[in-house]
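Data block below; observations after.
Please treat every number below as a calculation from the coordinates, not as lab data. None of these values were measured; they are calculated from a predicted model. Glycine also receives a Cβ, built like all others from the backbone with ideal geometry; neighbour counts cover every protein chain displayed.
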Amino acid sequence: MHLRRYLKNNAELTKHKWSQEMDKLLLEIKKQKEEYLERKINRFTEQELEEYSQRYDEILKEGRKENRKSNSKYLGKEEKALLNRLKKYKTNHLIFAYNFEIPFDTCKKQGIDYFKELVNIEKGNLSIVI
């Protein structure tokens, strides 16, 4: 997942903790998904998905706080762009949690293409994905 590379790079350059926390969250979701699949559970509950979504948003909020305190204009600008992408493409980044058929390490485009294909098959009924 390219996102993890951006998060690690940001953490190394800015020393901000939010990007490490986001990476940990993504890996936690991945690990829980793998455990569920081993137990033949093929989806998270609505409550689990909501909790993951809220944590994602909380981490972004912390990221914005840390970004405002940035000492480097360039790094601050790059970090802000990353935060904006994370917010804008949240669904893309978490699609592997909403649909267990989509692997964690799929690229964003593959996930969205797969999502569109499912929508076309179901003629717009998103319940099969969520």
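From the cross-link list Lys31/Lys80; Lys65/Lys87; Lys33/Lys61; Lys33/Lys77; Lys15/Lys73; Lys33/Lys80, which pairs have alpha carbons spaced over 23 Å apart? Present the calculation step by step, with values, prior to reporting the outcome.
Details: Lys31/Lys80 28 Å; Lys65/Lys87 15 Å; Lys33/Lys61 25 Å; Lys33/Lys77 34 Å; Lys15/Lys73 15 Å; Lys33/Lys80 30 Å.
The pairs that break the limit, which is 23 Å between Cα atoms, are Lys31/Lys80; Lys33/Lys61; Lys33/Lys77; Lys33/Lys80.
List the aspartates and glutamates whose Cα lies under 19 Å from the Cα of Lys17, skipping any in the same chain that are fewer than 8 positions away.
Glu28, Asp57, Glu58, Glu62, Glu66, Glu78, Glu79
Round to the nearest 0.05 the FRET efficiency obtained for Thr45 and Leu13 when R0 = 30 Å and r is the Cβ-Cβ distance.
On the way: r = 37 Å, r/R0 = 1.23.
So the FRET efficiency works out to roughly 0.20.
Would you work out the charge dipole size for the range 2-64 about its Cα centre, treating the Cβ of every Lys and Arg as +1 and the Cβ of every Asp and Glu as -1, and quote it to the nearest 20 debye?
The calculated dipole for the range 2-64 is roughly 320 debye.
Ranking His93, His2 by Cβ neighbours within 10 Å, fewest first, what do you get?
His2, His93
What ranking of Asp105, Asp23 emerges when the number of other C-beta atoms within 10 Å of each C-beta is taken as an exposure proxy, fewest first?
Ascending Cβ contact count within 10 Å gives the list Asp105, Asp23.
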